[in-house]
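Each remark here refers to the structure printed beneath this line.
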Amino acid sequence: MELKIELNGDSGILHMTGDLTVRRGDDIRSGMISVLKSIDHIIVNIKKPADIDITCLQLLCSVCRTAASMGKKIEFSKHTTKSFKDISTLSGFQRSICCTDNCLWKCDDYKEI
């Protein structure tokens, strides 16, 4: 698993690649929280995932709620892979009714970068 951030002022693009599973859960969460502490707006770009499981989706949801409680925003890049979009939809994460105003899982709400 690799997390790379491209900074642009108080926002940034977080590129996530590799193993996005329970084995890397602590690394995913701590990496994303670390990024959240330094910027206000994260665009998540999941590209070339080797493997994705429900843990990654749950962690993304948790980090989204943490961001909302900090007054920050997380959203997906339009360049996020189709396989990730498919698994998040099939797992029931993509939705039209959300937990916060800035919910990461709004249907088809992917940011152009």
Task: Anisotropy class of segment 27-91 from Cα gyration tensor, a/c 1.5 cut - done: prolate
TODO: Note down the net charge around Met1, summing +1 for each Lys or Arg and -1 for each Asp or Glu among other residues with Cβ under 14 Å from its Cβ.
DONE: 0
- [ ] Quick one: dipole size for the chain, taken about the Cα centre, charges +1 on Lys/Arg Cβ and -1 on Asp/Glu Cβ, in debye to the nearest 20.
- [x] 60 debye
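Taking 0.36 nm per residue of separation and subtracting the Cα-Cα distance, what length does fully extending Asp101 through Ile33 add? List each step's numbers first, then the result.
On the way: separation 68, 0.36 × 68 = 24.48 nm, distance 1.95 nm.
Additional length available on full extension: 22.5 nm.
Read the figures in this text as sums done on the coordinates, not as results from a lab. Small disclaimer: the values here were computed from a predicted structure and weren't measured. When we count neighbours, we look across all protein chains shown, and the Cβ atoms used for this are built from the backbone with ideal geometry, even at glycine.
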